[in-house]
1. Residue 269 - would you say it is acidic (Asp, Glu), farther than 27 Å from residue 421 by Cα and assigned to a helix (DSSP H, G or I)?
2. Do we have residue 234 as among the charged types (D, E, K, R) and touching a Leu at 6+ places or on another chain (Cβ under 7 Å) here?
3. Scan segment 159-180 and tell me whether some residue there is under 23 Å from residue 92 (Cβ atoms), in contact (Cβ under 8 Å) with a residue 12 or more places away in the chain and under 42 Å from the mean Cα position of the chain (by Cα).
4. I'm trying to understand the selection: among the residues of segment 190-215, which are in a helix (DSSP H, G or I) and in contact (Cβ under 8 Å) with a residue 40 or more places away in the chain?
5. So residue 228 passes all but one of these: (1) more than 23 Å from residue 336 (Cα to Cα); (2) within 30 Å of the chain's Cα centre (by Cα); (3) without any contact (Cβ under 8 Å) to a residue 24 or more places away in the chain. Which condition number does it fail?
6. Given the conditions (1) surrounded by 15 or more Cβ atoms within 10 Å (Cβ to Cβ); (2) closer than 30 Å to residue 193 by Cα; (3) of a type in the set (D, E, K, R), which single one is not true for residue 120?
7. Residues being without any contact (Cβ under 8 Å) to a residue 60 or more places away in the chain and surrounded by 11 or more Cβ atoms within 10 Å (Cβ to Cβ): count how many of those fall in segment 295-309.
8. Name the single residue, out of those in segment 421-458 being in contact with an Asp or Glu (Cβ under 6 Å, 6 or more places away or on another chain) and in a helix (DSSP H, G or I), that is surrounded by the fewest Cβ atoms within 10 Å (Cβ to Cβ).
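Every number here is computed from the coordinates shown, using simple stated rules; none is lab data. Note that the coordinates shown come from a computational prediction; the quantities given were computed from them, not determined experimentally. Here Cβ is always computed from backbone atoms with ideal geometry, including for glycine, and neighbour counts include all displayed protein chains.
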Amino acid sequence: MLKYLLRRILLTFPTLLIISFLAFGLGKCAPDDPVVNIFGEEHYTTLDPTRQASQYHANAVRLGLDRPDFYITLTTAAYPDTLWRIFPLDRRARLVKLIGQTGNWPAVKSYEAAVSKTVRAVEALPPSVPQSAQLLRELTLLVRAENLVLVDSAHRRLHLLAGGIPETASVNLNAELARLENSILVLRTQTLPAQLRIPALHWHGLNNQYHRWLSGFLTGDLGMTRRKLKVWDDLQASLLTTLTINFLALFLAYLIALPLGVEMARRKDRLLDRWGKRILFFIYSMPVFWLGGLLIMIFMNTGWGQAALPSVYFDIQDAWQPGASSLSDWWSANATKCLLPILILTLHALAVLSLQMRSGMLGTLDHDYIRTARAKGVGEEEVYWSHAFRNALFPIITMFASVLPSVFTGSLVVEALFNFPGMGTKTFEAYLGKDLPLLSAIMMIAAALTIVGNLIADVLYAWADPRVRFAKENG
């Protein structure tokens, strides 16, 4: 058994690794700048790209973005292996496009340095120069130019505006404009298209964003959300409250469903079986939001309902604050509000599990070994609970493999009905807010729980029928 379990655990690591690639890659494919999303455009206090980079870099370090994306970079010889050091990201994207048009990284680098010096010269003009505001507007277009046509047109307008400035105030500006013109000329004339066709592979080692992100996930450091909170601090309350009500609902559902399914199979086509199927199919066919709305109406509009449950809705102040109180204190204060969500989740799971257990028992009771046991005089209780029960658990075990991720994400419909502060609501808020670090962490935790659920299912398969373990170890 131990050998079989170790093999199953080892097989989970490649799956989790592939999912981590997807979760990390989806975050990188997003069009928004993560630093801007979290800290705002704090780096745009000047047009100078170099100064923007220094202001942006401090926040990028806090998010772990001051490293290459992955262990390797596959590109062409035209691009340097230090592109990841260029900040902000929109500046990096512009330089990448200019390199793609010229194939000459040194010329692009020289051009950007000339742009920075020109910006400084314009920003250093005395306030009395009337053209300074117009020059700054044109410089904005030049700084943001992504192709050579836009670069040329912005540069020409700068020259025209600079011609109207008194010579005493424009000496330094004219010198920088001359350097800028020379760098643009080199950019246009010294193109290296062959460099764009030569592949290049750069190795960055372990000091990269993915390695840091994966290590942080394994150690509990999941990054920072858009609200400038650590991901785990933001998730903790929603996760634990969701787990408590969902695990309690599933425990009750399994506790009732397994013996109910066995007894329904034992009394096939009799009163319990006929009415049990009707009631369970009715419960299963009812949408969760309809069932929830019905229960809310019953308990809110009847005297006995209001006496039993004075309030069924959660307020904002009802959300658990881990630093302010313990989870047990939160439960004692909100236990009555949790009853209806637990009841709805229990009923929905109960219907599926009971019908699956009944079906599994009926399929097992037709096997030859059951007939043999009965022929040997084994009592009906022992036939059902010792011989048939374990083998009839296979459909239930299969369903359990998907239980853990659903428990983690919670029931968004149930949480929306009662305004419950759980993982379903948290996931929806993260999606609407484009909180990629939070969504990536939720995706990874849900994937890990899915793998754990499948691992537990494999162990339960081997417990229910040792032939499964023997076949996998020797087949």
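1. no
2. Yes, satisfied.
3. No, segment 159-180 contains no residue that is under 23 Å from residue 92 (Cβ atoms), in contact (Cβ under 8 Å) with a residue 12 or more places away in the chain and under 42 Å from the mean Cα position of the chain (by Cα).
4. Taking segment 190-215 first, the residues in a helix (DSSP H, G or I) are 193-197, 209-215.
Those that are in a helix (DSSP H, G or I) and in contact (Cβ under 8 Å) with a residue 40 or more places away in the chain: 193, 194, 195, 196, 197, 209, 210, 211, 212, 213, 214.
5. The number of the failed condition is (3).
6. Residue 120 satisfies all of (1) surrounded by 15 or more Cβ atoms within 10 Å (Cβ to Cβ); (2) closer than 30 Å to residue 193 by Cα; (3) of a type in the set (D, E, K, R) except (2).
7. Of the residues in that region, 10 qualify.
8. Taking the candidates together, the pick is 425.
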